[in-house]
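Q: Quick one: the structure is below, and I'll ask about it shortly.
The values are calculated or read from the model by the stated rules, or taken from the named source; none is laboratory data. Note that the structure is predicted; figures quoted are calculated from it, not measured. Here the Cβ positions follow ideal geometry from the backbone for every residue, glycine too, while neighbour counts run over all protein chains shown. Surface accessibility is based on the protein's heavy atoms, side chains included, excluding ligands, DNA and RNA. Shrake-Rupley method; radii C 1.70, N 1.55, O 1.52, S 1.80 Å.
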Amino acid sequence: MKLNEVPTPAYVVDEAALEKNLKILKEVRNQAGCRILLAQKAFSMFAEYPRIAGYLDGCTASGLYEARLGWEEMGKENHVFCPAYRPEDIEEIASITDHVIFNSITQLKRYAGIVRKVHKERGIMHGIGLRINPECSTQDHAIYDPCAPGSRLGVTLDAFMRAVKEDETLPEYIDGFHFHTLCEQNSDALARTLKAVEEKFGVYLQSDRIHWLNMGGGHHITRADYDRDLLVNLVKHMKEMYQVEVYLEPGEAIALNAGYLVTEVMDIVENHGVQILILDASAACHMPDVLEMPYRPPLKDAGLPEEKKYRYRLSSCTCLAGDVIGDYSFDREIRIGDRLCFEDMAIYSMVKNNTFNGMPLPSIYGMDADGECILVRKFGYEDFKMRLS
Ligand SMILES: *Cc1c(COP(=O)(O)O)cnc(C)c1O
């Protein structure tokens, strides 16, 4: 089945594009001498994990469920960071992960002993990390800035120094540091962040006890204008200066521009001269980041509102008046039954979708290098019902 025949709505992952990204990431990995993990929260379509495993070192998780998924389906290095772990989960987490990263001194002290014990039984060394907060904001989007004042994410230098003063054995618990402060950024933002990390935590990084530094995600490595040489140099610098293994855990960069959401025009209505397309895909249900980020997804064969002759507002079947994907223009008049294809729909889409208003979940397809689309998963009424009672 070709892309233009796939029943709508459907996410179609472009495996050739995914592979192109993975090749770039592997090259960076080899040049820099670092390890790269898939941040599963961005893209968890595990049917593609064997392909990803061919290029990357493993994956990272936001908690027990993603950690299990990585353990079951990727089977390589498995890391986890969570702001707070549950006591009933921590042993299982330790039994399926290589690195467990804590967000606070309290969490670290509460669980380091058990993680150390379980890891030791499994022959895993240096598996305990602490997320630090370098307090270096490199972007203006407050909801994506873990460095903003009042952030819960990561231990500030001040808090770290107070904790060390209180308990001098504290550094013995910590094998590595983690920071995650970037979002869709270039390597110049990483350079600024590393400067802050070195200034603030350099003395601790220098310790022989620290074996690794995880630089989180948000590195838009596979974007055309990304400065990969700078990234490689920054990683090399940190490795040499502090004798640490370096990890990167991008999500977006792995499946950037590697998927579509294919949809059909179900109706066209008019209000105040605005032509509105009712689609079988929804921003609120199937691409929530369009409303949350917010952003305007690229649409195949369409332009900015004023660019082409025929202008439409793209919307959906939900009750939410604001469930609008955006205004687009086309060279041709759009008719009921036409298909539209949103681009860059592999990341933060399937992992975030929902069935609000009882909207059906889009099917998931993989498209191979010959353009052949193969159904991976189809959803139905039961998938809606089963979460509700
Ligand atoms: C979100 C997140 C990532 C991945 O971020 P991308 O922007 O998708 O690259 C990696 N690590 C942590 C801790 C995160 O919260």
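Q: For Met161, indicate whether it is out of contact with any helix residue (DSSP H, G or I) (no Cβ under 8 Å at 6 or more places or on another chain) and either open to solvent by less than 40 Å² (accessible area, probe 1.4 Å) or hydrophobic (A, V, I, L, M, F, W, C) (or both).
A: The answer is yes for Met161.
Q: What's the total number of residues in the range 146-156 that are open to solvent by less than 90 Å² (accessible area, probe 1.4 Å), farther than 17 Å from Gly129 by Cα and more than 16 Å from the ligand (Cβ to nearest atom)?
A: Qualifying residue count, the range 146-156: 1.
Q: Which pairs turn up if I take residues in the range 60-74 that are in contact (Cβ under 8 Å) with a residue 24 or more places away in the chain and look for partners that are more than 15 Å from the ligand (Cβ to nearest atom) and open to solvent by 30 Å² or more (accessible area, probe 1.4 Å) with beta carbon separation below 6 Å, at least 6 apart in sequence or on another chain?
A: Leu64/Asp89; Glu73/Phe46
Q: Same structure again: Six or more apart or on different chains, Cβ atoms under 7 Å: show the pairs whose first residue is in the range 207-230 and touching a residue at least 24 places away in the same chain (Cβ under 8 Å) and whose second is of a type in the set (Gly, Ala, Ser) and open to solvent by 10 Å² or more (accessible area, probe 1.4 Å).
A: So the pair list comes out as Gly217/Ala39; Leu230/Ala191.
Q: Also, I was wondering about something else. Go through the range 27-45 residue by residue and tally those that are among the polar types (S, T, N, Q) and either within 18 Å of the chain's Cα centre (by Cα) or in a loop (DSSP other than H, G, I, E, B) (or both).
A: 2
Q: Which of the residues that make up the range 46-58 are assigned to a helix (DSSP H, G or I), aliphatic (A, V, I, L, M) and open to solvent by less than 10 Å² (accessible area, probe 1.4 Å)?
A: Across the range 46-58, the qualifying residue is only Ile52.
Q: A further question follows. If you scan the range 306-334, which residues turn out to be in contact with an Asp or Glu (Cβ under 9 Å, 6 or more places away or on another chain) and of a type in the set (A, V, I, L, M)?
A: Within the range 306-334, just Leu314 meets the criteria.
Q: Given the residues Ala196, Ala159, which is the only one that is more than 16 Å from the ligand (Cβ to nearest atom) and in contact with a Pro (Cβ under 8 Å, 6 or more places away or on another chain)?
A: Step by step, each of Ala196, Ala159 is checked, and only Ala196 is more than 16 Å from the ligand (Cβ to nearest atom) and in contact with a Pro (Cβ under 8 Å, 6 or more places away or on another chain).
Q: Of everything in the range 59-113, what is outside any helix (DSSP H, G or I), away from the ligand (no atom under 16 Å from the Cβ) and under 21 Å from Glu249 (Cα atoms)? Give them in sequence order.
A: Selection gives Gly75, Lys76.
Q: Let me ask something else. Would you confirm whether or not the range 268-283 contains a residue that is among the acidic types (Asp, Glu) and in a strand (DSSP E or B)?
A: For the range 268-283, residues among the acidic types (Asp, Glu) and in a strand (DSSP E or B): present.
Q: All but one of (1) within 16 Å of the ligand (Cβ to nearest atom); (2) outside any loop (DSSP other than H, G, I, E, B); (3) at pLDDT 95 or above hold for Ile143; state the number of the condition that does not hold.
A: Result: Ile143 passes all but (3).
Q: Inside the range 234-271, can you point out the residues that are among the polar types (S, T, N, Q) and free of Cβ contacts under 8 Å to residues at least 60 places away in the same chain?
A: Within the range 234-271, Gln243, Asn271 meet the criteria.
Q: Can you give me the number of residues within the range 247-286 that are of a type in the set (A, V, I, L, M, F, W, C), touching a Phe, Trp or Tyr at 6+ places or on another chain (Cβ under 7 Å) and within 16 Å of the ligand (Cβ to nearest atom)?
A: Residues flagged as of a type in the set (A, V, I, L, M, F, W, C), touching a Phe, Trp or Tyr at 6+ places or on another chain (Cβ under 7 Å) and within 16 Å of the ligand (Cβ to nearest atom) within the range 247-286 amount to 2.
Q: Which residue out of His178, His126 is surrounded by 13 or more Cβ atoms within 10 Å (Cβ to Cβ), within 14 Å of the ligand (Cβ to nearest atom), under 18 Å from Leu213 (Cα atoms) and touching a residue at least 40 places away in the same chain (Cβ under 8 Å)?
A: The conditions single out His178.
Q: Six or more apart or on different chains, Cβ under 7 Å: which pairs go from a residue in the range 77-95 that's closer than 13 Å to Gly63 by Cβ to one that's more than 16 Å from the ligand (Cβ to nearest atom) and among the aliphatic types (A, V, I, L, M)? Could you list them?
A: Asn78/Ile96; Ile90/Ile114; Ile90/Val115
Listed here are the residues, each with its yes/no results for (1) under 18 Å from Gly273 (Cα atoms); (2) of a type in the set (Gly, Ala, Ser).
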| position | (1), (2) |
| --- | --- |
| Cys285 | no, no |
| Pro288 | no, no |
| Leu291 | no, no |
| Tyr295 | no, no |
| Pro298 | no, no |
| Gly303 | no, yes |
| Lys309 | yes, no |
| Thr318 | no, no |
| Asp327 | yes, no |
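Q: Here's a follow-up. Quickly run through the range 178-199 and pick out the residues that are within 23 Å of Cys82 (Cα to Cα) and among the charged types (D, E, K, R).
A: Glu184
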